[in-house]
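What follows draws every value from the coordinates through simple rules; no lab data is involved. Predicted model only: the values in this text are computed from it and were never measured. Note that we place each Cβ from the backbone using ideal geometry, even for glycine, and neighbour counts take in every protein chain shown.
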Amino acid sequence: MNIKLKNILLLPALAIACTGCNNDPVDGEISLKGAANEIQLVIAGNGEGVDYTKAIASESENKIENLDVYIFASDAQAGTYRYLDKWESAAANDKVQNKFLLQASGSEWNASIFPTEIAGYPYLKLFLVANREDDLYQENGATALTLNSFTTAGDFDAATDEATFLQSYTKALTADKVLYPSLLMTGNGTTKMLGTVSNVKIELKRVVARFDIDNTARTSNLTIQSIALKQGRKTGTLWNGGTLTPVAEADLATSPLLMEYKEVDYTAFANANTGVTESAIYTYPTLDTDKASLIIKGTYHDPVTNSDKPATYTVPLQKTDDATGTTADIAILRNNRYKLRIIDVTSTTMAAAFEIEDWTSSGGITVKPEAPVLPITFSATGADVAEVGDDKIRVDVDGGTFTLTVSHINDKPVTIETTPEYEPTYGDGNNNWITIAPVTRATATDDTKTITIAANSSIDTDQRPHEVHIGYITVKWGDTAEEQMKLEIYRGASMVTYLDPNAGQTVRFAAVKMKENRYWAPINVGAITIKNKAIRDENTDITDDAGKLFQWGRSQGLNATNNAAICTEEANLGDLGHPTREDLADMSKWNGKFINGDGTLHNNWLQINGDGQPNPPEQGKYVEDSWYLQLWNANNGKDNANPVKGAHDPCPAGWRVPTDSEWKDLGVSSDSNPSGATWDDVNNRIIIPGKENGKNLILPAAGCRECYNGQSDMQGTYGYYWQSLATSEEVGYVTVNNNSKPLGWHSNSATSAFSVRCIQE
């Protein structure tokens, strides 16, 4: 699996300004008044972009615990500079010992240094190293770099020159250590010894790079447990002038300059797997030829089997040329923040995107999400091939035959395994609907197979055309887990499928493409068939065909039944009481219960203001942007915010409750019916034409549960469909019915129980 990286933005990081002051000495301390040979430093701890620094860089990442100043001198501004002396921060000023005190001044630090003055060498270069813990080293990280200084003009040629100094490195990182704040930072500037106070402006930049991880286990099905860097550098260069010795590709696994970093315990972070985890791992810079990659380990939750399995993903650091489509490895650059956003995960592959920013500014380039680039190319030829994706092949429900040809981008031998795998409970019952014809070859590469897909053997003739079954063909180009992939083989009407294991579904159904090329679920939440029909017979439960009914903001629904006795029992809370915000974490005792809005709740099932406290006394008094209006859309009420699936959204993974605008894109209106929707009087449902021939959005008239008593109403006559956006008054919903406006727009209290039809995230 490859990650496509397109842009890198380099901006300044931590600024250190050095300016003159006019203060008198206090108690023997070094004066900030202009003195002979004095260089005054004002160190700004938050950088030039204070607001953004606090947002992107943590306090520990900005902290300066110690500061070294290496001074090089020359007889000419463009001449050769050699090592003069070094000053170190300490607990007190000491001109004799070349020590200076970092003095706090608001959000800044003040210091003064007094370089040795040697006649004829007034030009100075200052090299600052913050948070150094060890000596300066050579590239191996084990041999110290020895600096020779000069004290007279006659010693100048024997002193260490600037070019040698620029080839200084950190101590080698060992296998049992991780990089952690306070982080090493460096910077340099020039000045001239004037015989009085001098000033200079220097910019510090971090020697390391930082990786943030954006992953939400609830939606990605991946729970990350650890993260590491493979083929990372053991040492870091302190200066931009420093170089890294290239390592031949054949030696990448054994070079003493490279290592696999110690795994960082991802679960130790406070917000692990619940969004963006900042500062997940720090690394030294690398060359592009190092072919560095992130190693992400964790557990993958299979939504089909509802089980967890160990998973390891290798994420190469690569970019893609837009013009040619070719990929290339990239270098890791110092002082850059790499944000890995995980988009889609299977048990074997990961699609992700990078966002790269400097550590201080808000700027950066957001790299659009792209599918992973596979290390193999393949073709599927034959009249029965309905659709080919990056790693997917589909034939229609009636099966068919195609020839699969596979090759590796580096011409490695490829083998197509002859024993397919199947998603559990899928297929014709015997899991043998894919047949791979063996091929006899003289060469080592066995890369062409004839694939036969048996016809869908479902006994349900109504459901059969909409079913989607998935099998996997394994392609190998080596012996390790990273050297194989699985091609997905679809037998069905679409590669975009809908499955809700929580509803007891065991068969995938083809999603429906509608306006704006958005995919809608083919059935209501809670349905287990594709029939999408409602009947009006008394005391009938139509849940299997028409789905469950949900009170707005709840993740658990109620059966669509018009049996009065059952409805009454479900609305009898007994001693359960009404849930508060704290109860939302575990609503199990209310599962299967219609929660009536009593007098104090004012047409809501939820106690907004806490246990025993009344809700706002009338409609129009709810507080906008409040948590109770964001149960199904975490961005509800936020300016210019796209809908984000809320924590209590009842839709399965990858799907969410649609917004009002998404419903209106289908032609829903309070005034007219421009969608072309038609009413099916036999099955009591609305049919809305889809973008693909023969694939329509079908909404059954499942009725509702009345807000005041939980009783069934309008089953087989009206359908009521929620949207995710709530206002300070009521919640909007869609109606389907057999009249002049079969798709209408209305609003009602959150206590009513209506149908939910999901849209793809």
Just to verify a number: FRET efficiency for Tyr708 and Trp627, C-beta to C-beta distance, R0 = 25 Å, to 0.05? 0.50
Let me spell out the model: positive unit charges on the Cβ of Lys and Arg, negative unit charges on the Cβ of Asp and Glu, origin at the Cα centre of the stretch 513-761. What dipole size does that give, in debye rounded to 20? 820 debye
Where in the stretch 572-672 are there GluC sites (Glu not before Pro) that are in a DSSP coil and have at most 11 other Cβ atoms within 10 angstrom of their Cβ? Glu618, Glu624
Is the shape of the stretch 431-554 best called rounded, prolate or oblate, per the rule: a/c under 1.5 gives rounded, else a/b larger than b/c gives prolate, else oblate, with a ≥ b ≥ c the square roots of the Cα gyration tensor eigenvalues? prolate
Phi-derived 3J(HN,Hα) across the stretch 626-631 with the Karplus relation (6.51, -1.76, 1.60, θ = phi - 60°), rounded Hz, x for Gly and Pro, is 7, 4, 6, 9, 10, 5
Environment charge of Gly612, counting only residues whose C-beta is closer than 14 Å and scoring Lys/Arg +1, Asp/Glu -1: -3
Rounded to the angstrom and largest first, Cα extents along the principal axes for the stretch 376-497 equal 47, 29, 26
With the crude spin-label approximation of a point 7 Å out along Cα→Cβ, what separation in nm comes out for Phe269 versus Ser457? 4.7 nm
What distance in nm separates the two pseudo spin-label positions at Asp544 and Leu166, each 7 Å out from Cα along the beta-carbon direction? 7.8 nm
Please list, in order along the stretch 244-254, the HN-Hα scalar couplings obtained from phi with the Karplus expression 6.51 cos²θ - 1.76 cosθ + 1.60 (θ = phi - 60°), rounded to whole Hz, x for Gly and Pro. 10, 6, x, 10, 4, 4, 5, 9, 4, 7, 10
For the stretch 330-340, in residue order, the Karplus 3J(HN,Hα) values (coefficients 6.51, -1.76, 1.60; θ = phi - 60°; whole Hz; Gly and Pro = x) are 10, 8, 8, 9, 5, 6, 10, 9, 9, 9, 8
Report Rg (one decimal) and Dmax (nearest whole number) for the stretch 209-366, counting Cα atoms only, units Å. 16.2, 54
Using amide H atoms built in the peptide plane, which far-off residues or other-chain residues are under 5 Å from Glu387 H to H? Arg394
Show log10 I(q)/I(0) for the stretch 513-761 at q = 0.07, 0.11, 0.17, 0.18 Å⁻¹, two decimals, from a solvent-free Debye sum over equal Cα scatterers. -0.21, -0.54, -1.32, -1.47
Using packing as a proxy for protection, rank 707-714, 747-754 so that the peptide with the highest average count of other Cβ atoms within 10 Å comes first. 747-754, 707-714
Using label points projected 7 Å from each Cα along Cα→Cβ, tell me how many nm separate Ala564 and Lys95, to one decimal. 10.2 nm
Computed lengthening from Thr448 to Thr403, 0.36 nm per intervening residue step minus Cα-Cα distance: 15.5 nm
Would you please name the GluC sites (Glu not before Pro) within the stretch 461-565 that are DSSP coil residues with at most 12 other C-beta atoms within 10 Å of their C-beta? Glu538
Please list, in chain and number order, the residues 5+ apart from Leu67 or on another chain whose amide H is under 5 Å from its amide H, with Hs placed from the backbone. Ser89, Asn131
So for R0 = 22 Å, FRET eff. of Asn306-Asn591 from the Cβ-Cβ r, to 0.05, ends up at 0.80
Would any residue of the stretch 399-426 have its amide N under 20 Å from a label point 7 Å out along Cα→Cβ of Asn432? List them or say none. 399-402, 417-426
